[in-house]
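Enquirer: Let me give you the structure first, and then I'll get to my questions.
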Amino acid sequence: MSRLERLRQKMHEENIDAYVVIRPENGRYLSGFSGGEATLYITSEKALLLTDFRYIEQATAQAPEFDIIKTGQDHFETVAKIGQQARRVGFEGDFVTYVNFGKLKKRLPQAELISLPDLVSHLRSVKDQAEIETLRQAVKISDDAFANVLTSIEIGQTEEKIGLDLEYSMRLAGASGGSFEFIVASGFRSALPHGTASSKKVQSGEFLTMDFGAIYQGYCSDITRTVFLGEPEDKHREVYEVVLAAQRAGIAAVAPGKTGKEVDAVARKIIVDAGYGEYFGHGLGHSVGLAIHEGPNLNMREERVLEAGMVITVEPGIYIPNWGGVRIEDIVLVTENGCEVLTQAPKEFIIFE
Ligand SMILES: [Mn+2]
């Protein structure tokens, strides 16, 4: 069944006449159009892609299943003209702004507007073969960038320089860009789970955490590795080993039928039992695909069940304020029996003398 057919099945279940898509990843997933600025209007018979004159040619080439409608800046004006017959209209309530919702409501006075934010994102969570192959490539690009940066890291370099080296490798290998603002955090900054690269110089006696990823043909990779500069103390080794053990246990727990909550609990228990529970304040992982953060997640609240074909990160961490932190992150593909680890970069404790 095509993606459009699967969406129509869900629309039927929700008893809606039309669904309006504006989130770029959802639009790309359904139509193939990668230009970003498009609105899809889908009914049981029609599949319309509304965009302005800049994108008409591209949309015509990339979205053969859709009729391309040329619109002005205000896409909802065109939606209003098309949608006069619709009685129940679904939209992405997590993405449509309050202002745009007001416009839509005013222009489709006959329609009941129904917020259905998960209609497409739930389709996106199980990847098909082509998507998995593209994700493998995206992961390989970030693995190779890590291998390259290991040959150039030196004490005295700034975090920004290391981040740029990672980005340069990935762009050279075909990435269109980074999949988020890279985290390169050394020393006390490694205790900041989201410490983006700064002008701080890396020094002896410090952890260095690098969390980065590539966008390749629209699909995102995400990897974290933590290395050490200089002579580690016993506590550095201990914290690293606890995080690694938790990460391996989390990976071993990934399987279809498990909830995100169950997998999180397995990894978290190892960190809690080692006495570092209070220093692991985030969830264990998130799905990746056309967006860097997708559902389902691995965390203490996630009730969604894993299915074969989902692609998800496993990334426990320990962050001790004013001391430092460690995070290790791989991407795994959920398989029929468990999971396959896509990330190949080494994760033993790497020390730079
Ligand atoms: Mn991540």
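Computed from the coordinates by the stated procedures, all read-outs in this text should not be read as laboratory data. Every value quoted in this text rests on a predicted model; they were computed, and no experiment measured them. Using ideal geometry, Cβ is built from the backbone for each residue, glycine included, and neighbour counts are taken over all protein chains shown.
Enquirer: How would you rank 28-38, 322-332, highest first, on the average number of other Cβ atoms within 10 Å across their residues?
Expert: Descending packing order for the listed peptides: 322-332, 28-38.
Enquirer: Still on this structure, I have one more. Find how much the distance from E278 to I132 grows on full extension, using 0.36 nm per residue of separation minus their present alpha carbon separation; answer in nm with one decimal.
Expert: Additional length available on full extension: 49.0 nm.
Enquirer: Considering only C-alpha atoms, what is the centroid distance from the range 52-79 to the range 89-118, in Å?
Expert: 20
Enquirer: Let me ask something else. Separation between the V99 and Q9 pseudo-spin-labels, each 7 Å from Cα along Cα→Cβ, expressed in nm?
Expert: 3.9
Enquirer: OK, next. R0 = 30 Å: FRET efficiency of I155 with Q344, Cβ-based, nearest 0.05?
Expert: With a Förster radius of 30 Å, E is 0.65.
Enquirer: Based only on the alpha carbon positions, what is the Kirkwood hydrodynamic radius of the range 276-353, in angstrom?
Expert: Across the range 276-353, the inverse of the average 1/r is 14.1 Å.
Enquirer: Okay, next question. Taking K106 as the anchor, which lysines have their alpha carbon closer than 20 Å to its alpha carbon, excluding any fewer than eight residues away along the same chain?
Expert: K81
Enquirer: With each pseudo-label sitting 7 Å past Cα toward Cβ, what's the K201-L172 distance in nm, one decimal?
Expert: That separation, rounded to one decimal, is 2.5 nm.
Enquirer: Would you mind getting me the FRET efficiency between M300 and H194? Use the beta-carbon distance for r and R0 = 22 Å, nearest 0.05.
Expert: Taking R0 as 22 Å, the efficiency between M300 and H194 is 0.70.
Enquirer: Which of N337, N299, N148 ends up with the largest GNM mean-square fluctuation for the chain, with Cα atoms connected below 10 Å?
Expert: Highest fluctuation of the listed residues: N337.
Enquirer: Okay, moving on. How many times 2.2 N^0.38 Å is the alpha carbon radius of gyration of the range 129-352?
Expert: 0.95
Enquirer: Rule-of-thumb check for the range 3-123: C-alpha Rg over 2.2 N^0.38 Å?
Expert: In units of the globular-protein estimate, the range 3-123 measures up at 0.96.
Enquirer: Further question: For the pair E77/D52, report the inter-label distance in nm, with labels modelled 7 Å from Cα in the Cβ direction.
Expert: 1.1
Enquirer: Between K81, K161, K269, which gets the highest mean-square fluctuation from a Gaussian network model of the chain, Cα cutoff 10 Å?
Expert: K81
Enquirer: Oh, and also: On each of the three principal axes of the Cα atoms of the range 144-243, give max minus min coordinate, whole Å, ordered largest first.
Expert: Taking max minus min along each principal axis of the Cα atoms, the range 144-243 gives 43, 27, 21 Å.
Enquirer: Relative contact order for the chain: what is it in percent, counting Cα pairs under 8 Å that are at least 6 residues apart?
Expert: 14
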